[in-house]
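Chemist: One structure coming up, written as structure tokens, with questions to follow.
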Amino acid sequence: MLFSSAEFIFIFLPFTFFIYFFLARRFSFFYAKGWLLLASLFFYAYWHPANVFIIIFSMVFNFFMGSRLSQSKSKIFLIFGIVTNLGVLFYYKYADFFLANINLITGSSFSLLHIILPIGISFFTFQQIAFLVDSYEGKVPIFPFADYCLFVTYFPQLIAGPIVHHSEMMPQFLDINNRNFNYDNLTKGFFIFNMGLAKKIVIADTMAIIVNRGYSNSGLLSSLETWFTSICYSIQLYFDFSGYSDMAIGLALLFNIWIPINFNSPYKSQNIQEFWRRWHITLSRFLRDYLYIPLGGSKSGEFKTYRNLFVTFLLGGIWHGAGWTFIIWGALHGLALIINRVFNELKFRLPISISILITLFFVNVTWVFFRANTWEVAVNMLHNMFIKNDSINSFVLITDYYNLPIWVIAVILLFGKNSNEIAARFKPNGMFLWKIVLLVLVNALFLNSSISQEFLYFDF
Amino acid sequence: MSFRLFFFRSLIGSTVSIIILICINIWIDLYGLYWRREGISIYSDERTSKYLLAHRYIPENFDGYILGPSLSANLNPKEIRELKIYNLSMLGANITEQKTVVDKAISLKSPKFVIICLHPYLTVDHGMKTNMINQQQYYGALGSVWLYKSYLLKIVRTHNLIPGKYPKNQFNDYGYNDYDDLLTTMPVEDKIREQMQRSDAINASIDSTALLEFRSLIEELVSKKVTIIAYFHPIPFPIHQKYLNPLGDYKSKMVNELNTKAIVLDFNSSKYGFFTKDFTNYIDHGHLSKKGQQFLLKEIIKESGLIKTVH
């Protein structure tokens, strides 16, 4: 059930919303939250009902481990908890990749398991590892099991983030004032959700037409077509994922819950370090707090700082997917961060516009590894981009130009005010009334136009 | 303005805007789904348009249909004044797509007859080639991006703004698709010579699922007492000679499928050698020229005795 699907927008969401506030008003906050938990589990089970047992097991295990860690502060318990979480993640996400490489290196012939990845497992695993670590460090107060389950399964952020932290979510689930129907939040949430929906169905899905065609014919593309495909993917990925994040933020707000922003105009970044402060912010925050700093951060000398940066981003790459292309992508970003740090040490500065262009160029090129399904496709794309491709064939990437206005709007929006900035200026006045009506109208038209495409980050 | 008032105004504003747009689209009724009954042509995608027209316009206005891929799509049934025939053929269509559109038309009202173009292309594969034929398009006719694209193309075609790509009278209200100028890229003789040099010019194999779908279509038509005329499309003589054996196998399998259920005409027989050897009947290695189209359609009508059968 995609956020952009009719069954979500017209059935699941209204049903969940009205019953939640009905229970909160007529009965108790406890029942309302219980309903929200049930609805979230249903939302999760909608993809693959059996997977609901995985998330239930994960919640029970981690809540139990967290409670024990709060009391015992046992490092062995902590290691056991983290290893179990990573073990489950490894089994579902990396087992086949691991076996395939073992077979390749040793010449053995272990059968691949062909396990279907439970959706959102990378996200809820990270959230709960953070919970375990903080429990061990005594940073987690005691709270009810039901609230913990709601923190993990809360449907707006369950499938593709943002990766929320218990310290920002639990107090909100405990705040009795959040049981009240709030028109301010409802209106803002409605507006933000519609902005996210438009990003997804108007821009990202339109870009996907070129991207899918380009990447599935990478051997036939000219240099210009390859560059165009790669740029379209950079745009698609941003609008797809940031659109999803906006929708999650908007949906959460309908229930009076604020979840953190995940994007802040990343393509305006002047260097790669800034890029990672603006792109998938909650992942960067997690990697910083639970990987980079525990490894020693920047407190143990330059060489170890470089090593920590590289390891953090290498693992960040692996987190995104089981494949060498993701590993290369993570390694390239790790290297770029090291180079950026060296330049900073040398006080090397470039004009802002040049810095933005170089950063954008690097990010765009490395997205090729992120998008390519196989190593061969990535090599084809990079070959076409950097070595002139003179092959003559009848393939044409762009078959019509109906979507040209959307391409232009997308590029303008990349460098204009982002949805967080627009939402921050939101006021209930005539201007915003026109904007919201127009957004709803455009979304309705696009929703009624095509078959929904899955969000890109569902695969991670 | 309070947030409460703003919220309700935005809900009402959005709802009213959507309703107004829907009403405008119903009033225009580009596909005859709501009130328009006559003279509806095609302006944009042929698959979507014919699928939507098959909901009401086609079954309510026509006695018979022509079915097939592009090879039959440029037969102009409007020239047969004695019969009201709609050309439901679609460029690049296989049996799955064709059957979906026919099923939709038949679900409202059975035609008196159908004319089926038999060529290996129709049954070489199965499955939808695009997502342009699906029930969602029906709701899209109330307001969607492709509907507005169709409006735009209607303006483009009506005013002949891009004649090279969107000619003014490419389609008519009988489903005729005059694509001749769009497909003609080289002299017919050169095109046929080029095809003769290819080893894969004709793939005469029949996909097993496609055959099942074809069989199902025939049985459905028979059960509704629809007269079936099936004709083997005239293939230029040299190409037919080159693929004589596989095309012979194809023909015997299809004849076997149709058995006594249809009137079968073979335009590759020696009787029509004068036609298949005359390249002025073609625009390329298979598609017919105006001259070829007119002869073929009249011959089908004459040989099948359709006019007598219908009247």
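The values are calculated or read from the model by the stated rules, or taken from the named source; none is laboratory data. All values derive from a computational prediction rather than experimental measurement. So basically every Cβ, Gly included, is an ideal-geometry build from the backbone, and we count neighbours across all protein chains shown. Note: accessible area is taken over every heavy atom of the protein model, side chains too, but ligands, DNA and RNA are not part of it. Shrake-Rupley method; radii C 1.70, N 1.55, O 1.52, S 1.80 Å.
Chemist: Subtracting the Cα-Cα distance from 0.36 nm times the residue separation, let me have the gained length for A:Phe15 to A:Asp289 in nm, one decimal.
Modeler: Stretched fully, the A:Phe15-A:Asp289 segment lengthens by 94.9 nm.
Chemist: 7 Å from Cα along Cα→Cβ at both A:Leu357 and A:Ile79: what's the point-to-point distance in nm?
Modeler: With each label placed 7 Å out from Cα toward Cβ, I get 5.2 nm.
Chemist: Let me ask another. I need the calculated FRET efficiency for the pair A:Glu376 and B:Ala201, taking r as the beta carbon distance and R₀ as 30 Å, to the nearest 0.05.
Modeler: Here the calculated transfer efficiency is 0.45.
Chemist: For chain B, what is the percent of antiparallel DSSP beta bridges, rounded to the nearest 5?
Modeler: Roughly 10 percent of the DSSP beta bridges within chain B come out antiparallel.
Chemist: Which residues of region B:131-156 bury at least 50 Å² of accessible area once all protein chains are present, versus their chain alone (1.4 Å probe)?
Modeler: B:Gln136, B:Val145
Chemist: Still on this structure: Any chance you could check the Cα centroid distance between region A:61-75 and region B:41-99 for me, in angstrom?
Modeler: Computed from Cα coordinates, the inter-centre distance equals 70 Å.
Chemist: Could I ask something else about it? What does the charge dipole of the protein assembly as shown about its Cα centre add up to, to the nearest 20 debye, if the Cβ of each Lys and Arg holds +1 and the Cβ of each Asp and Glu holds -1?
Modeler: Computed charge dipole of the protein assembly as shown: roughly 1500 debye.
Chemist: Also, I was wondering about something else. To the nearest hundred square angstrom, how large is the accessible surface buried between A and B, total for both chains, probe 1.4 angstrom?
Modeler: Interface between A and B: roughly 2400 Å².
Chemist: Moving on. Who wins for biggest fluctuation among B:Val16, B:Val102, B:Val222 in a Gaussian network model of chain B, springs between alpha carbons below 10 Å?
Modeler: In the Gaussian network model the winner is B:Val16.
Chemist: Got a number for carbon plus sulfur as a percent of chain A's accessible area, 1.4 Å probe?
Modeler: Within chain A, the accessible surface is 69 percent carbon and sulfur.
Chemist: How much mean residue ellipticity at 222 nm does chain B get from its helices, if each DSSP H run of length 4 or more adds -39500 (n - 2.57) and you divide by all residues, to the nearest 500 deg cm²/dmol?
Modeler: My calculation for chain B gives -14500 deg cm²/dmol from helical runs alone.
Chemist: Another question, then. Using the structure shown, list the pairs from B:Lys112/B:Lys308; B:Lys168/B:Lys298; B:Lys261/B:Lys308; B:Lys225/B:Lys291; B:Lys154/B:Lys224 with a Cα-Cα distance above 24 Å, or answer none.
Modeler: B:Lys168/B:Lys298; B:Lys225/B:Lys291; B:Lys154/B:Lys224
Chemist: What's log10 of I(q)/I(0) for the protein assembly as shown at q = 0.05, 0.11 Å⁻¹, Debye sum over Cα points only, no solvent?
Modeler: After summing over all Cα pairs, the log10 values are -0.35, -1.25.
Chemist: Once Lys and Arg get +1 and Asp and Glu get -1 on their Cβ, which of A:Thr399, A:Leu36, A:Ile409 lies farthest toward the positive end of the dipole of the protein assembly as shown?
Modeler: A:Leu36
Chemist: Accessible area drop of at least 40 Å² (1.4 Å probe, protein heavy atoms): which residues of region A:408-429 qualify, relative to the chain alone?
Modeler: Flagged in region A:408-429: A:Pro428.
Chemist: Taking all protein chains together and a probe of 1.4 Å, list B:Val188, A:Val83 from the most accessible to the least accessible.
Modeler: I get A:Val83, B:Val188, largest accessible area first.
Chemist: Another question, if that's okay. Suppose every Lys and Arg Cβ carries +1 and every Asp and Glu Cβ carries -1, with no other charges. What dipole size does region B:8-150 come out with about its Cα centre, to the nearest 20 debye?
Modeler: Once rounded to the nearest 20, the dipole reads 260 debye.
Chemist: With the radius of gyration and the Kirkwood radius both derived from the Cα set of region A:82-198, what is their ratio Rg to Rh?
Modeler: With Rh from the inverse mean 1/r over Cα pairs, Rg/Rh is 1.12.
Chemist: Next up: Just the number please: accessible area per residue for region B:203-311, 1.4 Å probe, all protein chains included, in Å².
Modeler: Ligands and nucleic acids excluded, the figure is 47 Å² per residue.
Chemist: How many Å² of accessible area per residue for region A:115-257, probe 1.4 Å?
Modeler: Ligands and nucleic acids excluded, the result is 25 Å² per residue.
Chemist: Taking 0.36 nm per residue of separation and subtracting the Cα-Cα distance, what length does fully extending A:Ser167 through A:Phe30 add?
Modeler: Gain on stretching A:Ser167 to A:Phe30: 47.3 nm.
Chemist: Once you compute Rg and the Kirkwood Rh from C-alpha atoms, what is the Rg to Rh ratio for region A:48-140?
Modeler: Expressed as Rg/Rh, it is 1.08.
Chemist: Quick one: Cα centre-to-centre distance for region A:373-448 and region A:289-355, in angstrom?
Modeler: Distance between centres, Cα-based: 29 Å.
Chemist: Related question: Can you put B:Arg198, A:Arg179 in order of accessible area, largest first, using a 1.4 Å probe?
Modeler: So the residues, ranked largest to smallest area, are B:Arg198, A:Arg179.
Chemist: Shifting gears a bit: Normalised by the empirical 2.2 N^0.38 Å for globular proteins, what value does the Cα Rg of region A:249-399 take?
Modeler: 1.22
Chemist: Starting from region A:302-355, pick out the chymotrypsin sites (Phe, Trp or Tyr not before Pro) whose DSSP state is loop and whose Cβ has at most 10 other Cβ atoms within 10 Å.
Modeler: A:Phe348
Chemist: What are the membrane-span-like helices in chain B by this rule: whole DSSP H runs, Cα extent along the axis at least 18 Å, mean Kyte-Doolittle hydropathy at least 1.6?
Modeler: In chain B, the long hydrophobic H runs are B:3-28.
Chemist: Over what distance in Å are the Cα centres of region A:235-262 and region A:124-151 separated?
Modeler: 22
Chemist: How big is the dipole moment of region A:371-450 about its Cα centre under a simple scheme where the beta carbon of each Lys and Arg is +1, that of each Asp and Glu is -1, and everything else is neutral? Debye, nearest 20, please.
Modeler: Value, rounded to 20: 460 debye.
Chemist: Round to a whole number: what % of the accessible area of region B:1-130 belongs to carbon and sulfur, probe 1.4 Å?
Modeler: About 61 percent, which is the carbon plus sulfur part of the accessible surface.
Chemist: Cut-off 10 angstrom, C-alpha nodes, Gaussian network model of chain B. Which of B:Val145, B:Val114, B:Val101 fluctuates the most?
Modeler: Most flexible of the set in this elastic network: B:Val145.
Chemist: Another one. Give me the three principal axis extents of chain A from the C-alpha atoms, as integers in angstrom, largest value leading.
Modeler: Principal-axis extents of the Cα atoms in chain A, largest first: 71, 58, 52 Å.
Chemist: Along the positive direction of the dipole of the protein assembly as shown (beta-carbon charges: Lys, Arg +1; Asp, Glu -1; about the Cα centre), which of B:Ala204, A:Val440, B:Ser2 reaches farthest?
Modeler: B:Ser2
Chemist: Dipole of the protein assembly as shown (Lys/Arg Cβ +1, Asp/Glu Cβ -1, origin at the Cα centre): which of B:Ile58, A:Phe131, A:Thr229 lies farthest to the positive side?
Modeler: Farthest towards the positive end: A:Phe131.
Chemist: Give the carbon-plus-sulfur fraction of the accessible surface of region B:220-304 in %, rounded to a whole number; probe 1.4 Å, heavy atoms of protein chains only.
Modeler: 55
Chemist: Under the rule a/c < 1.5 gives rounded, and otherwise a/b versus b/c splits prolate from oblate, where does chain B land using the Cα gyration tensor?
Modeler: prolate
Chemist: Here is a follow-up. Could you work out the relative contact order of chain B? I mean the mean sequence separation of Cα pairs under 8 Å and 6+ apart, divided by the number of residues, in percent.
Modeler: 20
Chemist: Quantify how strongly other chains surround peptide B:10-18 by giving the mean number of their Cβ atoms within 10 Å of each of its Cβ atoms.
Modeler: Shielding by partners across B:10-18 averages 6.
Chemist: Could you work out the relative contact order of chain A? I mean the mean sequence separation of Cα pairs under 8 Å and 6+ apart, divided by the number of residues, in percent.
Modeler: Value for chain A: 19 percent.
Chemist: Would you compute the Debye intensity of region A:292-337 from its alpha-carbon atoms alone, equal scatterers and no solvent, and pass along log10 I(q)/I(0) at q = 0.18, 0.24, 0.30, 0.32 Å⁻¹ to two decimals?
Modeler: So the normalised log intensities are -0.48, -0.73, -0.94, -1.01.
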